[in-house]
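What follows draws every value from the coordinates through simple rules; no lab data is involved. Small disclaimer: the values here were computed from a predicted structure and weren't measured. Every residue, glycine among them, receives a Cβ derived from its backbone with ideal geometry; neighbour counts consider all protein chains shown.
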Amino acid sequence: MTWVKICGTTNLEDARAAAEAGADAVGFVFAESPRRIAPEAAAKIVRELPPQVEKAGVFVGHPAARIREIVEQVGLTALQLHGDDQDLARAEAILPWAHERGLRIIVAVSMLETAGIGVERPQPGAHHRRAMLLDSMTPSLRGGSGVTWDWKQLAPFVDAIRGAVDVIVAGGLKSENVQEAIRVLHPWGVDVVSGVEREPGKKDHEKVRAFVAAVRAAEEAR
């Protein structure tokens, strides 16, 4: 079953709508963004969500110590790491700690800027395989841009890394096009932000339901 994350969550009503629609995860942005949420507010939301719904924190350039602090404060079950090579190198100090606790680790990569990426093979016995989120982000906008990337052109790259990581597709997804993305790329998961919003940081619950339904319909069509 395709993993679905509804990201950019800022309030309990939207988080509950995502869970009730059948999303596998909700995402909280702790970096500069119109969808930024304070850890204290995210913690209150997490306490009200079903345990089976994953709670992912989005971090951009945060030092490892601060990531760990927020993970523990909020009760996150997954980390999504953004940034340049130097940012990610600093954040890697958190990885052994995260692996020990069975946290899902998602590394975000811009498909509009990257020609080739090396990936590590999964570690034996890991609770989760590391995931790679392929997005259309730019240096000034690390997510939620509403911009797609060329799925057909980059499908060979996705096929090449599939055996090493769980591939999550993001960038401009919505209920009207997510089935095509799944058909072309066969990802492990999909991630949506702007495609299910009324405005930045506020979800349209009908769009959330339509998005999850479209993903499930795509699975049945395979």
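The mean sequence separation of alpha-carbon pairs under 8 Å and at least six residues apart, normalised by the residue count of the chain, gives a relative contact order of 21 percent.
Arranged from highest to lowest average of other beta-carbon atoms within 10 Å per residue, in what order do the peptides 96-105, 59-68, 182-191 appear? Walk me through the intermediate numbers first.
Details: 96-105: 15.6, 59-68: 18.1, 182-191: 20.0.
The most tightly packed comes first, giving 182-191, 59-68, 96-105.
Descending by average beta-carbon neighbour count within 10 Å, the peptides 8-17, 210-219 line up as 8-17, 210-219, the highest first.
Note that the stretch 81-88 has calculated 3J(HN,Hα) couplings of 9, 10, x, 7, 4, 5, 4, 5 Hz, one per residue in order, obtained from phi through the Karplus relation 6.51 cos²θ - 1.76 cosθ + 1.60 (θ = phi - 60°); glycine and proline are x. For a straight C-alpha distance cut-off of 12 angstrom, the aspartates and glutamates reachable from Lys5 (same-chain residues fewer than eight places away being disregarded) are Asp24, Glu54, Asp191. In the chain, if the dipole is taken from +1 on Lys/Arg beta carbons and -1 on Asp/Glu beta carbons about the Cα centre, which of Gln52, Ala160, Val178 is farthest to the positive end? With unit charges placed on the Cβ atoms, the residue in question is Gln52.
Around the Cα centre of the stretch 3-221, unit charges on the Cβ atoms of Lys, Arg, Asp and Glu (plus for the first two, minus for the last two) sum to a dipole of about 280 debye. From the residues Gln86, Pro96, Met132, which one has its Cα farthest along the dipole of the chain in the positive direction, the dipole being from +1 and -1 charges on Cβ of Lys/Arg and Asp/Glu about the Cα centre? So the residue we want is Pro96.
In sequence order, the stretch 11-24 has phi-based couplings of 8, 5, 4, 5, 5, 5, 4, 5, 5, 5, 6, x, 5, 7 Hz under the Karplus curve 6.51 cos²θ - 1.76 cosθ + 1.60, θ = phi - 60°, and Gly or Pro positions carry x. Applied to the stretch 153-159, the Karplus parametrisation 6.51 cos²θ - 1.76 cosθ + 1.60 on θ = phi - 60° returns per-residue 3J(HN,Hα) values of 5, 9, 4, x, 5, 4, 4 Hz, with x for Gly and Pro.
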